[in-house]
Amino acid sequence: MKLYNSLTRSVVPFEPWTPGEVSMYTCGPTVYNYAHIGNLRTYIHEDVLEKTLEFLGYTVHRVMNITDVGHLESDADEGEDKMLLSARKERKTVWEVAQYYTDAFFEDCGKLNIRKPEVLAKATDYIEDYIEFIRGLEEKGYTYFANGNVYFDISKFEDYTRLSKMDLDTLKIAHREDVDEDAHKKNPQDFVLWFTKSKFGKQAMKWDSPWGVGYPGWHIECSVIALKTLGERLDIHCGGVDHIPIHHTNEIAQTESYTGKKWTKYWWHSEFLIDHTGKMSKSSGEFLTVSLLESKGFDPLSYRYYVLNSHYRKQLAFSFESLEMAERAFEKLKGKTAPFTSIPTEGVELSKKGSDLLEAFKGHLADDLNTPNAMTVLYDVLKSEIKDEEKAVLLDKMDQVLSLGLLDAVEKSNTGVSEDEAAYIEEMITMRSTAKKEKNWAVADAIRYELKEKGVELIDTPEGTTWKK
Ligand code: AMP
Ligand code: ZN
């Protein structure tokens, strides 16, 4: 296995601290709003990373935090509390907001076949541990107290820019017009470990601490949860590329200052999904969610297919036109895999050609998770001369990583529909087939579109057209 390591900015052989075992930490969602499909792009690729490692024979221990503590609008400790803003708007308590969006996040993950990590850690369950960690840093002289907050002094940590490779003299904290810089910091990049005072809004979630009633900084939760759940040596730490300059940089500084040891071997970052404005945000512009895709008639798994067709280290520009194209390709693919759903695979041995195809698939994934190339092998399997039983085995194995539901698409279909509705759909399918035979494409497309509006997806297979709601 080879992986790109953001620390060295190169693709390197993957050698975990303990051979065969992988500890993997993934920064989880901030649950003050729905996840947008950009966030979910990162979670899809992380899911593929975990499943690829397993596919290659590693045992993976994966942890994800849930940021249910209120946090400020900017990564650099500035702005208003996002959770509180959301609670005020929705007339809920901050705890209700956090639970609601945590559930919504896992519902979206379920629809995208993203597996829940082995350990899910709520930030609010680790308050005592943050306090202990900050005291440890305090004892070692890495902190200072100013204006009611405990800060980490980055000048005490030698290697602060190891990950970001930024020049501190020119590095300016991203400055927004509505955000004032904190005059109490000794260095502009110093960050808060424990707040008792924030000049913005009132924090609703508060805990007692040696420094007064307050709440932890954001970066600390990932360091502490990772240490507590996965130990002092971490193999892979994941997140989106936006986390490199501040969040992950601060995590390294405080964790290694605390333990006195090198911490994470591989820093793995997924590139952004961008929209026509050049970025994707939860607070401005069109808010693209899984529910929005569904309301427009898309199957969430078409989005997964779309994402897997791009490499995780390349930016992906989202448009509904490109998603539409991906959905059509995905439908065609499911049409081709549908006949293999009912073929028994028990005891089937792979021929030389079958094994070669499997090796090619593994090889692409082991090459820094090249999912677009791995997907082409799926098509090679379908086109190849090997026996149908072998194809069924290979599709099943490959889908363990790709998780596109290739072999259960048809089984899952046609549920939750009344007899009348089913009869109507069948009638429309017959009309569409006639239109297609007469090369009346406009009518055929109109029928597909009309059914799609009703949430019915048509799947063209060699045996005819099936559908699912
Ligand atoms: P958040 O809930 O904002 O902390 O983000 C959750 C995850 O999504 C983090 O790993 C972010 O780095 C990642 N992320 C945020 N925006 C995007 C985007 N536009 N495309 C891909 N990943 C993103
Ligand atoms: Zn994190």
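What follows draws every value from the coordinates through simple rules; no lab data is involved. Please read all numbers here as calculations on a predicted model, not as lab measurements. Methodologically, a virtual Cβ is constructed for each residue, glycine included, from the backbone with ideal geometry; neighbour enumeration extends over all protein chains shown.
Run the helix sum for the chain: -39,500 (n - 2.57) per DSSP H stretch of 4+ residues, divided by residue count, reported at 222 nm to the nearest 500 deg cm²/dmol.
Numbers: 15 runs with 194 residues, N = 469.
Mean residue ellipticity, 222 nm, calculated: -13000 deg cm²/dmol.
Restricting the count to DSSP beta bridges whose residues both fall in the chain, what percent are antiparallel, rounded to a multiple of 5?
Values: 22 of 45 bridges.
So the antiparallel bridges amount to about 50 percent of the total.
For H243, H364, what ranking results if the residue with the fewest other Cβ atoms within 10 Å of its Cβ goes first?
Arranged by neighbour count, lowest to highest, H243, H364 become H364, H243.
When the Cα centres of the stretch 1-34 and the stretch 331-398 are compared, how far apart do they sit, in Å?
What the calculation gives is 27 Å, centre to centre.
Rounded to the nearest 20 Debye, what is the dipole magnitude of the chain about its Cα centre when Lys and Arg each give +1 and Asp and Glu each give -1 at the C-beta? Don't jump to the answer; show the numbers that get you there.
Details: 59 positive and 79 negative charges, 101 e Å.
With only Lys, Arg, Asp and Glu charged at Cβ, the dipole is about 480 debye.
Within 10 Å of each residue's Cβ, count the other Cβ atoms and sort R328, R62, R432 from fewest upward.
On the way: R328 13, R62 25, R432 22.
By the 10 Å Cβ count, ascending: R328, R432, R62.
Listing V12, V97 from the residue with the fewest other Cβ atoms within 10 Å to the one with the most, what is the order?
On the way: V12 15, V97 25.
Fewest-to-most Cβ neighbours within 10 Å comes out as V12, V97.
With respect to the cross-link table entries K82/K165; K122/K206; K165/K262; K296/K332; K111/K332, which display a Cα-Cα separation exceeding 22 Å? Mind showing how you got there, number by number?
Numbers: K82/K165 29 Å; K122/K206 15 Å; K165/K262 17 Å; K296/K332 20 Å; K111/K332 20 Å.
As for pairs spanning more than 22 Å Cα to Cα, those are K82/K165.
If you filter the stretch 5-39 for chymotrypsin sites (Phe, Trp or Tyr not before Pro), then keep DSSP loop positions with at most 15 other Cβ within 10 Å, what is left? Intermediate results must be reported in sequence, preceding the final value.
Values: sites: F14, W17, Y25, Y32, Y34; in loops: F14, W17, Y32, Y34.
The qualifying sites are W17.
What is the extension gain from R328 to V443, computed as 0.36 nm multiplied by their sequence separation minus the C-alpha to C-alpha distance, in nm to one decimal? Provide the component values of the computation, followed by the final result.
Details: separation 115, 0.36 × 115 = 41.40 nm, distance 1.73 nm.
Computed gain between R328 and V443 is 39.7 nm.
When only Cα pairs under 8 Å and 6 or more residues apart are kept, what is the percent relative contact order across the stretch 414-468? Write down the numbers at each step before the final one.
Numbers: 34 pairs, mean separation 15.1, N = 55.
Result for the stretch 414-468 is 28 percent.
Could you work out the relative contact order of the stretch 2-270? I mean the mean sequence separation of Cα pairs under 8 Å and 6+ apart, divided by the number of residues, in percent. Provide the component values of the computation, followed by the final result.
Numbers: 430 pairs, mean separation 67.6, N = 269.
Averaging sequence separation for qualifying contacts and normalising by length gives 25 percent for the stretch 2-270.
Normalising by the residue count of the chain, find the relative contact order in percent from Cα pairs under 8 Å and 6+ residues apart.
Details: 717 pairs, mean separation 80.3, N = 469.
That works out to 17 percent.
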